[in-house]
Each structure stands twice: as C-alpha cells, then as structure tokens.
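**Q** Structure incoming, see below.
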Amino acid sequence: MEKDLRFSKMAREYPASGIRRMFDIAAKYDDVIKLTVGEPNFDTPQYIKDAAKKAIDDGMTHYAPNAGIDELREAVAEKYKSCWDGYTKGHVIITVGAMEGLLLSMLTLLDPGDEILVPDPCFPNYYGQANIVGATAVPVPTYEKFDYRIQAADIESAITPRTKAMILNSPCNPTGAVLTKEDVLEIAEVAKKHDLWVLSDEPYDSIVYDGVQPYSIAEAPGMRGRVMVLNSFSKAYAMTGWRIGYLLAPEPEYITKMAQLQEAVASCVSTFSQVAAVEALKSRSCVDQMVADYTRRRDILIDGINSIPGFSCRKPAGSFYAFVNIKAFGKSSQEFAEELVEHARVVTVPGSAFGEMGEGHLRLVFANSDENLKEAVRRIDEYVRKAYPDMK
C-alpha cells in the first residue's frame with residue numbers, strides 16, 4: 001500500500017547534510033580511512049569520567065534546573081570574566097551542546113522573515129537552524145587570500161533591511177580560520193552601526209596553533225549588549241557524546257526566557273554530566289596535550305597533502321580541519337571526493353557541503369592517529385600520480 005506521508009514545510013525544506021552523504025557512500029567500501037568526523041579522536045579524560053561516575057553514585061540522576069546547576073553556571077561565568085567582568089551565573093544557560101545554544105538564541109532573537117548572516121563556507125547546520133525559526137541564513141563569502149577570515153566589508157555588503165543578526169565562528173569549521181583582533185574590531189563597528197546581534201560560536205577556541213590567541217567579539221568595546229557567546233565541552237575536552245555546552249547572554253532576562261524555551265526543547269542537560277563539566281573546567285592540562293598532538297598531526301597531514309600534485313592547503317590557525325584546494329583537477333568537490341573514496345579508500349567531505357564558496361575544496365579532519373594520516377596521504381598520493389600523471 002502506498003504511504004501517505006505528510007511533512008510540514010519546515011521538515012520538507014530542512015537541508016540534507018553533505019557530510020552524512022559521504023558517510024553513506026563510504027559504507028559501500030571496506031578498509032577506508034575516514035577523515036570526515038568533526039570530533040576529537042581522544043577519549044574523555046579520566047578525571048572527568050570519574051567525576052561523572054561519582055555524581056551518579058551520589059544520586060545526581062534527577063532533573064536539573066532548566067538553566068543548569070549553579071556550580072557549572074558560576075564556573076562558566078568565571079571563565080569568561082576576561083571578556084567582561086560583569087558575567088555572573090545569571091548570564092549563563094547550560095545547553096545540549098553549542099548546537100542547542102544556537103537554536104535557543106535564534107528562537108529568542110529572530111522572527112520569521114528575519115535574516116541572519118553566516119560565513120560561506122560554514123557549519124551547514126546554521127542554515128537548518130535558521131530554517132526552523134522561519135528566518136533566512138544569508139551567506140557572506142570568505143576568501144582564501146584572507147585565510148578564509150570573514151571581512152567586515154563583505155558583511156556590510158550583505159546587510160539588508162531584514163538583517164537582524166550574524167554568526168561568527170572563530171576558529172572556523174570547516175576552514176580553521178581564526179579572526180584577528182583587528183578583524184573583530186572592524187566587524188564590531190559594523191554590528192553597532194547596523195544594530196545587529198552577533199552569535200559568537202566558539203567551540204574551537206581552545207584549539208589554536210603557533211601562538212595564535214583568539215579574540216572574542218564579546219571583548220570588543222561597546223559590544224556587551226549585542227553578543228551571545230556559545231561554546232561547548234565537546235571539542236576542547238573530547239566530550240562530544242556528552243552533549244553539553246553553554247551560552248552567555250548580555251543580560252539575565254535573556255537567560256530567563258531561554259530557560260523557558262529550554263523546558264520545551266530538552267528540559268535540561270543531564271545532571272551528572274554538568275557535575276563532570278564543573279570538574280573539567282578545573283584543569284587545562286588535557287586540553288594542552290591534545291592541542292600538542294593536533295599540532296603534530298596538522299603538520300603530518302598538510303605537509304603530506306601539499307606534496308601531492310594538484311593539492312594546495314594553508315595551515316589553519318585553529319580547529320582540527322584542513323580545507324584543501326583541489327581546483328587544479330577541474331572537477332566538482334563532490335565528484336572528486338567520491339573518486340577518492342572509490343579509488344584511494346580515503347573519505348573526505350566535499351567543500352560544497354559547507355556552501356557555495358566551498359566548491360573546489362575538500363575538508364579533511366586531522367583529529368586522527370599519526371598512522372592513519374600518513375597512510376591517507378600515501379593512498380591519495382599513489383592514486384593521483386597514477387590517475388593524473390600530467391598534474392603538476
């Protein structure tokens with residue numbers, strides 16, 4: 001019998017993931033190396049797991065307040081006092097990863113028909129979340145000549161009467177771009193001039209290289225009242241499966257409203273996970289060790305990739321992503337990504353999955369073992385030299 005499927009307009013129009021598409025394609029092949037999954041390849045540090053186990057044994061298995069437990073909200077506020085010493089627990093809500101924080105902020109700030117500017121290329125879920133609230137995500141191009149750092153002039157060119165907010169993602173997924181202080185200050189002036197909200201998506205802020213120091217737009221003069229800061233324990237502390245993040249708002253009233261929405265969306269984040277997150281924030285040694293390993297792995301992958309004819313990649317200042325230029329091959333990024341799966345048994349993500357400006361690129365994740373990264377480079381190199389003997 002034929003099914004009568006009746007989806008809402010939002011469900012019908014929700015964008016499909018180009019990343020998941022590569023997972024499905026890769027499932028057809030054996031012995032593949034996956035450079036696709038945007039998460040640490042480390043286990044959660046033991047001291048954090050121990051804290052969660054103790055919390056469970058201590059009975060921390062019941063509902064938490066919608067906005068999160070006081071201890072964690074206070075710890076997050078303390079972490080961000082370098083941005084603004086007025087942050088208190090009342091400015092913080094604990095969320096189901098930074099992803100839910102983005103959704104709650106959009107639900108709180110945007111109306112149907114509003115526009116929110118996003119970098120192109122970007123984390124593709126920005127488009128889906130805007131779609132959920134009836135807003136439109138408008139791409140702002142970023143360019144390789146600026147190391148993919150979004151520029152204030154390009155943001156201003158994209159503003160229309162319907163523009164209400166922008167998303168900044170620094171360090172950036174998928175490009176690894178880290179905005180300089182000068183970039184941020186110029187963008188802040190645009191936001192103030194056009195009375196825009198800024199959602200500062202910062203889950204990779206601890207994963208930076210070569211002495212780079214991220215500068216949050218929450219630190220920029222005069223921006224206190226128009227910035228929502230979103231972050232997560234997923235990347236820095238290898239806690240992706242724990243689904244715990246947080247949002248800082250300029251005034252407690254925004255947190256009160258988001259807590260009401262939180263009850264409708266997820267009720268709360270698990271209590272014992274929040275206790276473990278409090279413990280996580282007490283130390284950076286595990287983060288520093290992971291960044292040291294990522295630095296080595298970044299160099300293994302990118303130095304190797306740049307030695308292959310037709311490939312070109314700048315070393316990212318942050319994150320664990322390499323955004324590789326493959327335009328020399330004259331093929332779409334989807335076509336070339338599928339080619340590498342079939343013939344080299346290496347899975348990457350086509351740049352087109354992240355926006356129009358991503359075309360001609362592949363995203364490769366170097367959160368992987370040294371051995372896998374070396375073998376992935378070897379396989380790609382062997383295939384390219386055989387299949388494209390004239391490539392320089």
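**Q** Can you find even one residue in region 278-295 that is among the small types (G, A, S), out of contact with any Cys (no Cβ under 8 Å at 6 or more places or on another chain), assigned to a helix (DSSP H, G or I) and buried (at least 22 other Cβ atoms within 10 Å of the Cβ)?
**A** Yes, region 278-295 has at least one match.
**Q** Here are some conditions: (1) touching a residue at least 40 places away in the same chain (Cβ under 8 Å); (2) open to solvent by 50 Å² or more (accessible area, probe 1.4 Å); (3) assigned to a loop (DSSP other than H, G, I, E, B). G38 meets all but one. Which one does it not meet?
**A** (2) is the only condition that G38 fails.
**Q** What's the number of the condition S267 fails, among (1) open to solvent by 30 Å² or more (accessible area, probe 1.4 Å); (2) assigned to a helix (DSSP H, G or I); (3) of a type outside the set (A, V, I, L, M, F, W, C)?
**A** Condition (2) is where S267 drops out.
**Q** Taking the condition modelled with pLDDT of 95 or more, of a type outside the set (A, V, I, L, M, F, W, C), over 15 Å from the mean Cα position of the chain (by Cα) and not in a helix (DSSP H, G or I), does P171 pass?
**A** no
**Q** Continuing with this model, one more query. Any residue in region 120-136 that is of a type in the set (D, E) and touching a residue at least 60 places away in the same chain (Cβ under 8 Å)?
**A** Yes.
**Q** Identify the residue in region 314-338 that is free of Cβ contacts under 8 Å to residues at least 24 places away in the same chain and on the phi < 0 side of the Ramachandran plot and, among all such residues, is least open to solvent (accessible area, probe 1.4 Å).
**A** Result: K331.
**Q** Out of the residues in region 1-22 that are without any contact (Cβ under 8 Å) to a residue 24 or more places away in the chain and within 27 Å of the chain's Cα centre (by Cα), state the one that is least open to solvent (accessible area, probe 1.4 Å).
**A** A11
**Q** Conditions first: (1) in a helix (DSSP H, G or I); (2) more than 27 Å from K235 (Cα to Cα); (3) open to solvent by less than 30 Å² (accessible area, probe 1.4 Å). I305 passes all but one, so which condition is the exception?
**A** The failed condition is (2).
**Q** Can you tell me which residues in region 362-392 are under 26 Å from the mean Cα position of the chain (by Cα), touching a residue at least 60 places away in the same chain (Cβ under 8 Å) and part of a helix (DSSP H, G or I)?
**A** Scanning region 362-392 gives D370, N372, L373, K374, A376, V377.
**Q** Follow-up question, since we're still on this one. Here are T95, T88: which of them is farther than 29 Å from D147 by Cβ, among the hydroxyl-bearing types (S, T, Y) and surrounded by fewer than 24 Cβ atoms within 10 Å (Cβ to Cβ)?
**A** T88
The values are calculated or read from the model by the stated rules, or taken from the named source; none is laboratory data. Just so it is clear, the structure is predicted and the values come from calculations on it, not from any experiment. Heads up, the Cβs are rebuilt from the backbone with ideal geometry, glycines too, and the neighbour counts pull from every protein chain shown. Just so you know, the surface numbers come from the protein's heavy atoms only, side chains and all, with ligands and any DNA or RNA stripped out. Shrake-Rupley method; radii C 1.70, N 1.55, O 1.52, S 1.80 Å.
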